[in-house]
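Following: one structure in structure tokens, then a few remarks.
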Amino acid sequence: MTMNVATLSVGSLEAQQGTKARGTVRADLGTLTADIPLILVNGSRPGPRVVITAGVHGGEFTPIDAVVRLADRLEPGEVHGQVIICPVANPNAVYQGRLNVSPVDGVNINRVFPGDPDGGPTERMAAWLFANLVDGADVYIDLHCGGIDQVLRDFVGYRLTGDPGLDKATAELAGSFGIEDVLIGLTAEGGNSHAAAARRGISAVLVEVGSLGQRDEATALRRVDGLLTALRHLGVLDQDGSAPAPIRQWVWSAGVTAEATGLWYPEFSFDADIIGEVAEGDLLGRIVDPADGTEHTVHAPAGGRIFYGMHGLTVRPGTELAALAIPWDPDTAARPDTLPVPGMGRGSDEADPRP
């Protein structure tokens, strides 16, 4: 879709064509309100509307840093179309909890999209984001990283919808960030933001870059470069003649969750670049009861590469410990319903099923 709208507005915040506006818009969450920071970049020339969110989860700092840096660099006179940037999409979790779940109601917002305007605070927050930002987009980019207790390999994820044109456009978008690994979700089911957007016909991707919630300038700048490359691919910015980087495609093969409470001692590396590969039955780690020393061994239920893993020491039943993926070949792939998926949403954003 090509946008050529004189005024770009979200709530009371407005940007005339060829201008940039920054401010907050208040979201009514029923029993409380939240002030949502936004940057609206209304380009001087027609083009698509792109929505970029960060801060969906607490404890994920680099994405927030990166989108603020991106907003500073975008000049309306150079933009085709419109870019809406939301640096902190879930203030309750970001400022109060620094966790995947909101301290307001214990809900992980990235399991309840597109939300419920009559539900609890987090469900209302998800509904507000969709009604005011995502539903008007041609393209939706949701930025995450490994949380404060999670190591993670960089990847881009998207969902197949069965719409050939939409799936092709989203695959090309996923390959435009300069990130080698692309994880394909074989359905668009689930409560993740990008899955819910895909079900509404929006080209949507999840971008995961960085581990342990670390605030790291080099990683933030790398993320900004990837976003600029994607915006050039979309025609929002002028092309610079660079060729797309090669990618590898994967699908999830298994998720591993804790079955006991205790102290987690993984066998895999904490280096995100070499987390490694395992075969079915390999030892992933041990959960030790701190009271009596009882050990519960954890083994890989399937083979694959570990894309994210639990770095934290303390775990309880249901804590996601690791997620595994295998190379994807659409010509020889198994049916979607034969593939196990990660732990149904307690950890990373590719668990529900993924991506």
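The values are calculated or read from the model by the stated rules, or taken from the named source; none is laboratory data. No experiment lies behind these values; they were computed from the predicted model shown. Counting neighbours? That spans all protein chains shown, and the Cβs are built from the backbone with ideal geometry, glycine included. SASA here: full protein model, heavy atoms, side chains in, ligands and nucleic acids out. Shrake-Rupley method; radii C 1.70, N 1.55, O 1.52, S 1.80 Å.
With a Förster radius of 35 Å, plug the Cβ-Cβ distance of ASP329 and ALA131 into 1/(1 + (r/R0)^6) and report the FRET value to the nearest 0.05. Let's see the in-between values first.
Working: r = 39 Å, r/R0 = 1.11.
FRET efficiency, ASP329 to ALA131: 0.35.
Taking the Cα centre of the chain as the origin, how large is its charge dipole in debye, to the nearest 20, when only Lys and Arg (+1) and Asp and Glu (-1) carry charge on their Cβ atoms? Write out the running numbers ahead of the final one.
On the way: 26 positive and 46 negative charges, 180 e Å.
My answer is approximately 860 debye.
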Can you give me the % of accessible surface on the chain that is carbon or sulfur? Probe 1.4 Å, all protein chains present, nothing else counted. 49 percent
With the dipole of the chain worked out from charges on the C-beta (+1 for Lys and Arg, -1 for Asp and Glu) around the Cα centre, which of LEU143, VAL182, VAL51 lies farthest toward the positive end? VAL51
Of VAL298, GLY309, VAL278, which is farthest towards the positive pole of region 253-327's charge dipole, taken about the Cα centre with +1 and -1 on the beta-carbons of Lys, Arg and Asp, Glu respectively? GLY309
What is the sum of charges, Lys and Arg at +1 and Asp and Glu at -1, for the other residues whose Cβ falls under 9 Å from the Cβ of LEU143? -2
Rounded to a whole number, the Stokes-Einstein D of region 253-327 in µm²/s (Kirkwood radius over Cα pairs; 10 °C; 1.306 mPa s) is 130 µm²/s
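Where only protein heavy atoms count, and the probe is 1.4 Å, what is the accessible area per residue for region 122-278 in Å²? Provide the component values of the computation, followed by the final result.
On the way: 5860 Å² over 157 residues.
Per residue, region 122-278 has 37 Å² of solvent-accessible surface.
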Taking the Cα atoms only, what angle lies between the long axis of helix 164-174 and the longest principal axis of the chain, rounded to 10 degrees? 80 degrees
Stretched out fully, how many nm does the piece from THR314 to ASP35 gain, at 0.36 nm a residue minus the Cα gap? 97.1 nm
Summing -39500 (n - 2.57) over the DSSP H runs of n ≥ 4 in the chain and dividing by its residue number, what mean residue ellipticity at 222 nm do you reach, to the nearest 500 deg cm²/dmol? -5500 deg cm²/dmol
Relative to the longest principal axis of the C-alpha atoms of the chain, give the angle of the C-alpha long axis of helix 217-234, reported between 0 and 90° and rounded to the nearest 10°. 60 degrees
Neighbourhood net charge (12 Å Cβ-Cβ; Lys/Arg +1, Asp/Glu -1) for ALA71: +1
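Using C-alpha positions alone, give me the convex hull volume of region 1-118 per residue in cubic angstrom.
Values: hull volume 12.4 nm³, N = 118.
Taking the convex hull of the Cα positions in region 1-118, it is 105 Å³ per residue.
Just to confirm, what accessible area per residue do you get for region 1-115 at 1.4 Å probe, in whole Å²? Don't skip to the answer; put the middle values down first.
On the way: 4350 Å² over 115 residues.
Counting only protein heavy atoms, the per-residue value for region 1-115 is 38 Å².
Determine, from the Cβ-Cβ distance of LYS168 and ASP289 and an R0 of 45 Å, the FRET efficiency 1/(1 + (r/R0)^6), rounded to the nearest 0.05. Walk me through the intermediate numbers first.
Numbers: r = 51 Å, r/R0 = 1.13.
Efficiency at R0 = 45 Å is approximately 0.35.
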Which value, in Å to one decimal place, does the Kirkwood hydrodynamic radius take for region 203-314 when every pair of different Cα atoms is included? 17.2 Å
Which order do the peptides 126-137, 185-196, 293-304 take when ranked by the mean count of other beta-carbon atoms within 10 Å per residue, highest first? 185-196, 126-137, 293-304
Can you tell me the dipole magnitude for region 60-160 around its Cα centre, using point charges on the Cβ only (Lys, Arg +1; Asp, Glu -1), in Debye to the nearest 20? 220 debye
Please provide three numbers in whole Å: the alpha-carbon extents of the chain along the principal axes, with the largest listed first. 66, 49, 36
Once both labels are modelled 7 Å past Cα along the beta-carbon direction, what's the GLN239-GLU14 spacing in nm? 3.7 nm
